[in-house]
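*Asks:* The structure's right below; bear with me while I get my questions together.
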C-alpha cells in the first residue's frame, strides 16, 4: 500500500494489485496477468504515478524439480495498464540442502531509485533465529537481474535506496538498521546512542530512514518503555542527519505514547499511530461490528504536536502508514485501508476490492445470542480451560522475542494459541530477550499460557548461521571435540536459567539448528 | 530437542539415550500448512507417545489477533511443556449463514483452517465479515433440484462434483486442501474418494459393498467405514495405503485422535479414540453424556474440542449441537436461534463450527458457521 500523490496510490491484497487516481474512492485492478494458478503479488514499488514494478511469486503449484524459484518481475510505465514480465532464473542457496520447507518463502521486498536502478530481496525459510535471503539488482529497469555475489546480506528485510549506491535496510528479529554505500555489495550495522531521557527500555526498533535528498534525512527509532506489568508504551525519537547518514543527532522526541507499531516521516513531520480494539463494543455475549480506536500522533519540526483519536470499523492492527504530510495519509489496518485528510480526526474506508466481495454468500445473522442451554456451566460464553495435564494437543506459537504481558493477554483472549516458546537466557548463540523475566513468566502462566522452555546454546560445526552463494558461515559457538561434556555443561546451565525464571518444569528443549548430516 | 528432520533421522534418533520429546521443524507452504505431528519426515514410530511438537509455519509476519500484530512461527504441541494456570478463553458466539448462490439448501459439512490461501489470522475480511476456513459440503440447486458437492473459499462456492459419480458427498477437508468423502456410481454403489487438487482417486475397502470416508487430517490420515458382506460395518484408519481397524470414525485431528458414535444400551453415545503407531490403535474415552441422550460426535480439532449433535426428550427432541472442550466436566449444548433442529458437522482450530439448521414450519435447511473468538 502506498499513497503516491493526494489522488494516486496502489494497494495489494496478496493476489491482486489495485490502482486509484481519486484518493481511494475507486480502484482499478491492475494485476499483471498471472502465469500460475496460485500466483501472488509479493511486493510492489512505484517510482511515480506511472512507472512501477511488481514481484510475483507462484505459490506451491510449481514443480520444484523444474523451477525451484518461480519469481516473475513485472514492470509498467503506464500505471499498470500494460506490463512486461520477465522470469529470471534465481539460484536457491538452500536447494543444495534439499529438504522440504527450506528455500524461498515467497516474502519479498522491492525498490528502485530511478527507472533503471532497482533491487529485490527474497526471503529464505532458513531458521527461526535469523533473517536471511538473497538480494538481486538491476541496472536496466528490471529487464535483467543479477544475484549479488560479493556481499553477505546481513538480513532480508525492508530496504530503501536513496541513490544508486546508497541504501538502508531495517528490521529482522532484532529490529536493527544497516547501511550500504556500494549498491548493496556490503552492509554495515548502524547503532545510535539512546537519548538519556528515554530511560530504561525493553526493546529498540529501528525504522527505515526517510531522505529528502542525498544528505538530509530523518530516522525514527522506537523504544519500548512501558512498565513490565503495565500498559505497553513507546517513546519515538526522530534522529536527523545532514551528511548522508554518517552522523545522526536527536531532533525530536515523542515520549511515552501508547504502544506504537508503525511510524512514518513526511515533509519533516513525524507521524505515529496506535490502534487498539475498542473494548466498549466487546461485551462478551454480544458481537457487534468490529471497531478499533485509532490514535494518530504527529510531531512537526516546530515541535508542534497533534493527537487525534477516532473510532474506525476494523478489527485489524495498524501495521503500515503512508503519509504525504501531517494531514493527508493512509493507514493499513491489515484487513482494510483507511484514509484521513485531517491528521486523523476522521477516517474513510478506502479499501480496494470492497465491491468485489459483495458476492460472498456468508452474511451476518441478526441474531447473535446463540447458546441457549448450558450443561455443567452457566453463562452464555464458552470458557475453555487450559489447565489439566501438561501434555495435551494444542496450538502454539514461537517468536524471536517474547511479546509484552498485555500483548500476551490479547492473544490469550483472541487467538487459537495456548502455548508459547521462550528462549532461556544466557546461552551461547542465544540473544537477550528483554521482556523475559520471572515476573513475565508468572504473569503469562496466570493468563493461561503453557510454555516451551528452549535452550539455544552450542550448535553443530556443520550448521550454517547463513549461506551465501553456497558459502557457509558457521555459528559463533559450536560443539567442541568433546560434545558429551559440552552437552552436560549446557544442560546444567539451562536448568539454572529455567530456575532463575521461576519455571517449574521437568522438560527443557535443546535447539539444534539445521545442518546437513553428511557433511559432518 | 528442537531440530530438522534430517539431523533427527541420521543423528538424534541414533544416540543411546534419545531426548524425551522432539520438536520437529518442518515448515510447509503457508498456503498448505500441515497442522499435524505425524508424517513429517521422520518415522511415526519414533517419539510416538505424546512426545512431539511440530513447527509447521515459520516467519509469519504481522499476524494479528486482538489488534496486536506479532511476527511468529506456528506450532502444534503434543508433548510435555510447562503448563499454564487458570487460563480461560472466552468465545462469544456469532452465527453467519452459509448458502451457495441459487441453492435451495446448503449443507456445510467440513471446515479447515485456511482463509482462501492463507492460514486464518484475526483480521476481518474486507467486507467486515469474519474470516472463515475453507468449507466443503453439498447444496441442492433451487431450479434443477440437483445436488452438488461444493467448496467454499474466499466468498465463492465452486462445484467439485466427481465426473464419474451420480452424486458426490464431501465430508472432510484438511489444510492441504485435500477433500474426502464418498460418491455413488451409476450402479448405485458407494465408493470412498480422495480429491487432491482437481484429481479424484477412489479408495475402496477390500471386499466392501460400500466404502465411506469421513475425515482427513494434514498428515493424510483418513478415517472411514465400509460395509463388508457377512462382516458388517468395519471402521478403519486409512494411512499410507493400509487400512487399520479402529472402533470409531467420524472426525480425525492432527494427532490421529478420532471421534465417533457407538450404541450404549438404548441410546447412542460417543467416544474419542487416541490412535498411535505402529498399529494405529489406542485407548478411548467416552464423551460425557446426560441421561436419555443420543449423542453423535462428528468432529474434533487440534485442541481436542469435540463437536456433534444431540437428541433428547426436551428442547433437543429434533436435534441440538454440542461442544465438548477437553477437560470439561460436561458438554455445552446449543441451538441455532429460532430453530428447533440444529445439526453440527465440523470444527476447525479457530473454533469455527459449521452445521445446518431447519427453519420451523417450512422445512427449509440452511447452513451456518458459528464464529470463533475475535
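*Asks:* Among what's in the stretch B:286-325 and is in a loop (DSSP other than H, G, I, E, B) and at pLDDT 95 or above, pick the residue that is nearest to the other protein chains (Cβ to nearest Cβ).
*Replies:* For the stretch B:286-325, the residue satisfying everything is B:302.
*Asks:* Find the strands (runs of 3 or more DSSP E) located wholly in the stretch B:10-86 whose residues include 1 or more that are touching a helix residue (DSSP H, G or I) at 6+ places or on another chain (Cβ under 6 Å) and more than 21 Å from residue A:455 (Cα to Cα), and list them.
*Replies:* Hits in the stretch B:10-86: B:52-65, B:68-78.
*Asks:* Please go through the stretch B:15-51 and give me each residue that is more than 10 Å from chain A (Cβ to nearest Cβ) and under 13 Å from residue A:509 (Cα atoms), ordered by number.
*Replies:* B:18, B:24
*Asks:* Would the stretch B:54-63 turn up any residue that is in contact with a strand residue (DSSP E or B) (Cβ under 9 Å, 6 or more places away or on another chain), facing another protein chain (nearest Cβ under 8 Å), at pLDDT 95 or above and closer than 28 Å to residue B:240 by Cα?
*Replies:* yes
*Asks:* Check whether at least one residue in the stretch A:53-71 is assigned to a loop (DSSP other than H, G, I, E, B), assigned by TED's automatic domain parsing to the domain that holds residue A:322 and at pLDDT 90 or above, and report yes or no.
*Replies:* Scanning the stretch A:53-71, I find no residue that is assigned to a loop (DSSP other than H, G, I, E, B), assigned by TED's automatic domain parsing to the domain that holds residue A:322 and at pLDDT 90 or above, so the answer is no.
*Asks:* Residue B:285 versus (1) under 22 Å from residue B:351 (Cβ atoms); (2) surrounded by 12 or more Cβ atoms within 10 Å (Cβ to Cβ): which is the lone unmet condition?
*Replies:* It fails just one condition, (2).
*Asks:* Among the candidates A:465, A:476, single out the residue that is in a strand (DSSP E or B) and touching a strand residue (DSSP E or B) at 6+ places or on another chain (Cβ under 8 Å).
*Replies:* Going through A:465, A:476 in turn, the sole match is A:465.
*Asks:* Among the residues of the stretch B:111-125, is there at least one that is buried (at least 23 other Cβ atoms within 10 Å of the Cβ), more than 12 Å from chain A (Cβ to nearest Cβ), over 18 Å from residue B:353 (Cα atoms) and touching a strand residue (DSSP E or B) at 6+ places or on another chain (Cβ under 7 Å)?
*Replies:* Checking the stretch B:111-125: not a single residue is buried (at least 23 other Cβ atoms within 10 Å of the Cβ), more than 12 Å from chain A (Cβ to nearest Cβ), over 18 Å from residue B:353 (Cα atoms) and touching a strand residue (DSSP E or B) at 6+ places or on another chain (Cβ under 7 Å).
*Asks:* Suppose we keep only residues that are assigned to a loop (DSSP other than H, G, I, E, B) and at pLDDT below 95 within the stretch B:256-274. Which one would you say is farthest from residue B:46 (Cα to Cα)?
*Replies:* Among those that are assigned to a loop (DSSP other than H, G, I, E, B) and at pLDDT below 95, it is B:266.
*Asks:* Quick check on my filter: what residues within the stretch A:31-52 are at pLDDT 95 or above and over 21 Å from the mean Cα position of the chain (by Cα)?
*Replies:* A:47, A:48, A:49, A:50, A:51, A:52
*Asks:* Of the residues A:453, A:425, only one is closer than 25 Å to residue B:51 by Cα and assigned to a loop (DSSP other than H, G, I, E, B); which?
*Replies:* Details: A:453 fails: assigned to a loop (DSSP other than H, G, I, E, B).
Sole residue among the options that is closer than 25 Å to residue B:51 by Cα and assigned to a loop (DSSP other than H, G, I, E, B): A:425.
The values are calculated or read from the model by the stated rules, or taken from the named source; none is laboratory data. Since the model is a prediction, treat every value here as computed from it, not as a measurement. Every residue, glycine as well, gets a Cβ built from its backbone with ideal geometry; the counts of neighbours run over all protein chains shown.
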